[in-house]
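The values are calculated or read from the model by the stated rules, or taken from the named source; none is laboratory data. Quick caveat, the model's predicted, so the values are computed rather than measured. Ideal geometry is used to build each Cβ from the backbone, glycine not excepted, and the neighbour counts take in all protein chains shown. Side chains included, ligands, DNA and RNA excluded: accessible areas come from the protein's heavy atoms. Shrake-Rupley method; radii C 1.70, N 1.55, O 1.52, S 1.80 Å.
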Amino acid sequence: MEKIVIIGNGIAGVTAARHIRKLSDKQITIISAETDYFFSRTALMYVYMGHMKFENIKPYEDGFWKKNRIDLIQDYVTHVDHQNQKLKLKKGPDVTYDKLILATGSKPNKFGWPGQDLQGVQGLVSKQDLDALEENAPNNTVCKHAVVVGGGLIGIELCEMLRSRDIPVTFLVREKSFWNGVLPDGESEMLNEHILEHHIDLRLGTNLDEILPDENGRVRAVTIKETGEEIACNLVGLTAGVTPNIDFLKDSGIALGRGVKVNRFLETNVENVYAIGDCAEQHEAIGNRRPIEAVWYTGRMMGETVAQTICGNRREYKPGHWFNSAKFLDIEYQTYGWVFSSRHRKGYEAHFHWRHATEKICLTVAYHKESGKFLGINTFGIRMRHEVFDRWLTEERHADYVMEHLKDANFDPEFYKRYESEILTQYNAELNKAIRPRKKSWKRILSPKA
Amino acid sequence: MSTYNRSMALTGEPPKALNFHQKLATLLGISGLAILCLAAFNVDFANKTLWLAISLMALFGGITWFTIAAYAHKPKGIKNDGVMFKSISSRGFWGWVAGVALTAFYIVLYFYPQYLGLAKEGDNTGVIALFDPLSKLLSGNPASQWFVYGTLYTVAILAFGIKFIWKYRHNNYEKIRTVSVMFFQTSFAFLIPEFMARLNSDTFSLPYYDLKNIWPLNYYNFERYRVNSLIDAGDIGLALLIFGILSIFVITPILTYKYGKRWYCSWVCGCGGLAETAGDSFRQLSDKSLFAWKVERWVVHSVVVFVTLMTTAVIYSFLGNDTSKYWLTKTSFLIGVAVILTAVFAWVMIYKREQLQRDAKYGAIGYFVVIMALIAFHFFSGEGNVFLFKAETLRKTYAFLIGSIFSGVIGTGFYPIFGNRVWCRFGCPMAAILGFQQRLFSKFRITTNGGQCISCGNCSTYCEMGIDVRAYAQKGENIVRSSCVGCGICSAVCPRGVLKLENGPLEGRIDSKDVLLGNDVDLMKLVNQK
Ligand SMILES: Cc1cc2nc3c(=O)[nH]c(=O)nc-3n(C[C@H](O)[C@H](O)[C@H](O)COP(=O)(O)OP(=O)(O)OC[C@H]3O[C@@H](n4cnc5c(N)ncnc54)[C@H](O)[C@@H]3O)c2cc1C
Ligand code: SF4
Ligand code: SF4
């Protein structure tokens with residue numbers, strides 16, 4: 001029987017394993033160093049905040065793996081010998097494979113800051129990081145002040161976590177406005193306000209210079225490049241992005257760039273070796289996507305695709321329309337299609353932006369300047385229906401059509417206040433149109449073609 | 001080596017401590033309870049009206065104050081910080097203390113009301129006497145243990161209802177739903193029955209009737225003394241009796257078809273009302289394992305069978321063989337029951353079989369048991385008894401096992417141990433019947449938003465009914481589960497906006513929209529075919 005070995009039990013590796021099992025009877029082994037069982041990395045924050053126990057963030061009961069005949073080995077792979085189709089492990093005996101899937105995920109970026117390896121300096125990616133945080137910052141007497149470096153999604157999550165234990169946090173963000181490399185200005189500004197509302201000391205346009213030790217080799221303070229200011233702290237969170245976890249592959253003969261190089265079939269340069277999830281790097285970016293996409297959803301999609309290929313239906317990775325979501329403290333964010341920040345905005349891309357007068361709610365619709373074609377939407381504080389936007393993008397709808405039928409797309413809970421008319425009034429005024437909102441129609445929502 | 005002291009981390013204090021105001025508020029609430037306890041130990045309060053008012057106000061005020069201290073200074077949003085660290089909400093020391101205290105209270109209430117001061121002859125004493133003034137004000141009668149319980153129950157729903165509304169003040173669904181349970185408890189369950197008692201005189205008498213309590217939840221509704229007294233009460237009584245029957249066979253199915261069982265379980269019902277308000281801090285304790293789900297289905301459906309047989313037996317036992325007193329006779333009644341059950345069973349098996357899948361077998365077993373029992377009734381029963389037992393014995397057994405032990409002692413007493421919906425999930429026959437309909441014939445579903453789920457587990461953790469919501473959401477599948485009471489909390493706590501409770505067309509209610517997991521159609525078609 002063919003033996004499939006997967007390195008990494010994250011969403012990518014586990015999805016691949018589940019789908020291979022669904023499609024075949026092959027022998028499946030997952031080797032992973034971090035934990036015995038798959039857990040949801042995206043939910044690590046909730047464990048520290050006490051919303052859930054670690055038990056709760058494991059999507060499958062422990063018996064699931066045995067029942068589905070997926071063997072688990074907790075060990076670290078030190079070397080891949082693809083000539084002999086063999087893996088060397090740190091503790092256990094060698095493991096052979098017929099097909100190998102690399103799903104090794106990412107690790108936090110470190111940019112060579114002085115003091116970056118001191119005690120009390122850490123990232124937030126792994127279960128070990130979570131445990132370390134519980135030691136470094138159990139409460140606000142042990143950790144009197146924390147500094148978080150890097151204004152991305154993980155950075156803001158770490159700030160929220162620390163604030164849940166009333167630990168004062170200084171948040172160093174290199175950009176002039178939070179996450180404005182990704183978000184349009186209006187949205188980014190609203191988030192700046194919200195961050196301050198949560199009593200986080202947000203420092204925009206500020207770079208870390210140095211991390212200073214005390215006599216025991218623990219972090220004592222950081223200094224800031226622009227002003228030379230010294231901020232005393234007991235914890236430094238490094239959250240300036242992630243890089244693929246591929247160091248152990250350096251001399252393996254598998255082609256590497258920043259990640260493991262793969263083609264559209266997720267195949268590496270070596271036969272019978274595939275790479276998926278955070279660690280995979282496309283030779284060429286797909287559409288507007290980046291060559292490495294370190295997000296949950298793409299890991300899951302790649303896992304499904306590679307399972308097809310391995311089970312005899314060789315498939316290209318076709319991720320469909322871009323979507324994503326996140327939560328910034330109390331504000332939920334969803335996006336469908338492409339809405340670019342002012343730094344990355346395409347020449348043809350125009351934006352319509354609406355923001356609620358008092359609440360932290362807003363949305364941005366991107367459309368083509370000439371044709372008026374709808375390109376994408378960002379919403380903050382309003383939930384939207386994935387299905388509907390996916391269809392509108394496929395059908396290449398006009399922005400006017402989207403605005404007219406916005407009620408079809410609303411996904412907020414029942415009885416929530418609705419803003420379509422307000423949004424449309426502004427849209428009409430700004431673009432000199434006279435569109436009237438249409439009533440929600442189940443028929444349109446559910447029919448595959450409108 | 002690190003000189004860092006590890007033990008400091010272990011004794012570290014995550015956000016679980018109460019702030020100053022919360023402590024004072026707790027003290028105030030406890031002083032309200034203390035007055036009741038003192039009264040229970042026969043401390044004689046001279047001015048009962050005053051002390052009762054002080055006690056209830058202290059309880060109410062303490063909880064409200066606690067609420068404000070907990071939420072007012074925080075921005076609106078999900079408030080689950082530290083839930084798993086606090087001993088009361090994570091089966092810690094205080095959780096067990098609360099569980100034991102509540103259980104003890106229920107045991108005394110159901111089985112030893114004399115310790116609360118209930119007097120068979122003469123005046124009440126103890127804590128029940130403390131409630132006499134209020135009871136006399138409302139119904140004109142002295143208090144009973146049930147009046148004491150009803151009052152405290154209502155105060156709990158109102159005060160914790162306010163807490164719940166503050167906690168979810170960003171969420172209109174939760175706010176409106178909670179106002180609804182507060183209203184139904186105060187009016188239908190508490191005030192109206194008391195006022196109805198006022199109408200009673202020597203010549204006119206209505207039984208205690210909480211109009212929103214529908215059979216089989218109020219398993220006693222069709223007992224002889226109630227039916228007689230309703231019939232004897234003339235038009236009003238007859239109207240009530242007809243309303244009772246209509247609510248089972250007409251009102252309930254229509255509302256459940258349109259809105260799912262949530263219209264009752266989390267908008268109207270008193271048990272649900274207490275669970276959603278006072279029990280809200282314990283929702284995360286419900287067991288999510290597949291094993292628990294299995295137990296749930298066996299137990300709750302057995303209760304349905306039990307209550308159906310018991311009620312049939314009770315009615316059967318007081319019907320006659322001719323139409324002189326009741327229009328229905330023993331035989332025609334049995335045939336009627338059998339016909340209704342057969343019609344339902346046939347309809348399900350013919351039209352909904354594929355939706356039931358494995359459960360169809362259990363349904364068939366249940367049906368078979370009931371029909372056999374009905375036949376047995378006919379052949380082996382004499383006057384006043386059914387089969388080998390007296391119908392009354394059957395009813396008493398049900399009242400003891402299900403009505404008292406399950407719904408009270410375990411159902412509420414064990415809130416801090418098994419979660420706040422143990423009764424609704426494992427024991428309530430009403431919930432089971434509504435759930436059966438919700439699963440097969442209702443517009444209600446929880447829609448999963450395409451591929452947005454990140455498998456974080458908040459939804460499953462906070463589902464009070466122990467539904468593993470994530471298992472569906474991460475597959476892009478809608479959630480159509482008979483046990484879902486539509487509390488909406490899974491949707492509220494989801495950080496990615498994945499879940500929406502809604503009523504929509506029956507077609508496509510369950511289908512998973514795999515396409516939206518993000519891959520292009522052809523691939524997903526392939527996956528689905530397998
Ligand atoms: C705090 C945080 C929050 C996030 N939130 C979101 C979010 O909200 N939405 C979103 O889309 N994405 C989010 N992400 C990103 C998302 O979690 C990742 O994209 C996803 O988990 C990647 O999955 P993966 O399977 O590729 O790798 P991983 O989940 O990283 O799994 C790889 C596993 O392989 C193991 N491994 C690596 N090398 C070896 C080796 N040599 N031998 C043995 N084992 C090895 C690692 O220990 C690890 O357990 C978040 C990430 C973090 C850290
Ligand atoms: S599935 Fe959601 S709505 Fe239904 S009971 Fe559970 S938490 Fe409530
Ligand atoms: S809470 Fe939302 S994102 Fe998390 S598992 Fe449930 S549906 Fe998925």
May I ask for the accessible area buried between chains A and B, both sides summed, probe 1.4 Å, to the nearest 100 Å²? 6100
Could you compute the FRET efficiency for B:F195 and B:M349, with r as their C-beta to C-beta distance and R0 at 56 Å, rounded to 0.05? 0.75
If I model a spin label as a point 7 Å beyond the Cα along the Cα-Cβ vector, how far apart are those points for A:D247 and A:S371 in nm? 4.7
Please calculate how many Å² of accessible area the protein assembly as shown carries per residue, with a 1.4 Å probe and no DNA, RNA or ligand atoms counted. 42
I'd like to verify something in chain B: which complete DSSP H helices, judged by Cα projection on the helix axis, reach 15 Å or more and average at least 0.5 on the Kyte-Doolittle scale? B:20-40, B:48-71, B:93-111, B:145-167, B:234-246, B:290-318, B:330-351, B:359-380, B:429-440
For B:W327, project a label point 7 Å along Cα to C-beta. Then give me every residue of segment B:209-243 with its amide nitrogen under 11 Å of that point. B:242
For segment A:299-333, list whatever residues lose no less than 50 Å² of accessible surface once every protein chain is in place, relative to that chain by itself, with the probe at 1.4 Å. A:R300, A:E304, A:Q308, A:R315, A:K318, A:K327, A:D330
How high is the FRET efficiency between A:S441 and A:K22 when r is their beta carbon distance and R₀ equals 30 Å, given to the nearest 0.05? 0.25
Bridge orientation stat for the protein assembly as shown from DSSP, antiparallel percent rounded to 5, came to 60
List the trypsin sites (Lys or Arg not before Pro) within segment B:279-388 that DSSP assigns to loop and that have no more than 10 neighbouring Cβ atoms inside 10 Å. B:R358
Using alpha-carbon positions, the gyration tensor of segment A:323-446 gives root eigenvalues a ≥ b ≥ c; with a/c under 1.5 called rounded, otherwise prolate if a/b exceeds b/c, else oblate, the class is rounded
With a 1.4 Å probe and every protein chain kept in, tell me what percent of the accessible surface of the protein assembly as shown is carbon plus sulfur. 60
Quick one: give the max-minus-min coordinate of the C-alpha atoms of segment A:162-268 along each principal axis, largest first, in Å. 47, 45, 30
Taking 10 Å² as the minimum loss, tell me which residues in segment A:139-160 lose that much accessible area going from the chain by itself to the full protein complex (1.4 Å probe). A:N139, A:V142, A:E157
From DSSP H assignment alone, runs of 4+ in the protein assembly as shown each adding -39500 (n - 2.57), the sum over residues rounded to the nearest 500 puts [θ] at 222 nm at -12000 deg cm²/dmol
Using 16 Å as the cut-off for backbone N distance, which residues of segment A:288-322 belong to the label zone defined by a point 7 Å from the Cα of A:F265 along Cα→Cβ? A:305-318
Pairs over 32 Å Cα to Cα, from A:K318/B:K288; A:K327/B:K288; B:K163/B:K261; B:K136/B:K396; B:K48/B:K261; B:K86/B:K294, come to A:K318/B:K288; B:K48/B:K261
Pop the C-beta distance of B:C37 and B:F93 into the FRET formula with R0 = 22 Å and round what comes out to the nearest 0.05. 0.60
At 7 Å along the Cα-to-beta-carbon direction for both B:V369 and A:E359, put a label point, then send me their distance in nm to one decimal. 4.8
For the residue pair B:S205 and A:T223, what label-to-label distance in nm results when each label sits 7 Å from Cα along the Cα-to-beta-carbon direction? 9.2
DSSP beta bridges in chain A, what fraction antiparallel, as a percent rounded to 5? 55
Stretch in chain B that is longest and holds no chymotrypsin sites (Phe, Trp or Tyr not before Pro) that DSSP places in a loop and that have at most 12 other beta carbons within 10 Å: B:42-326
Give the average over all directions of the projected area of the C-alpha convex hull of chain B, one decimal, in nm². 30.9
Not counting the cut sites, what is the longest span of chain B without GluC sites (Glu not before Pro) that DSSP labels loop and that have at most 10 other Cβ atoms within 10 Å? B:122-382
Could you give the Stokes-Einstein D for the protein assembly as shown in µm² per second, using the C-alpha Kirkwood radius, 37 °C, 0.692 mPa s? 105
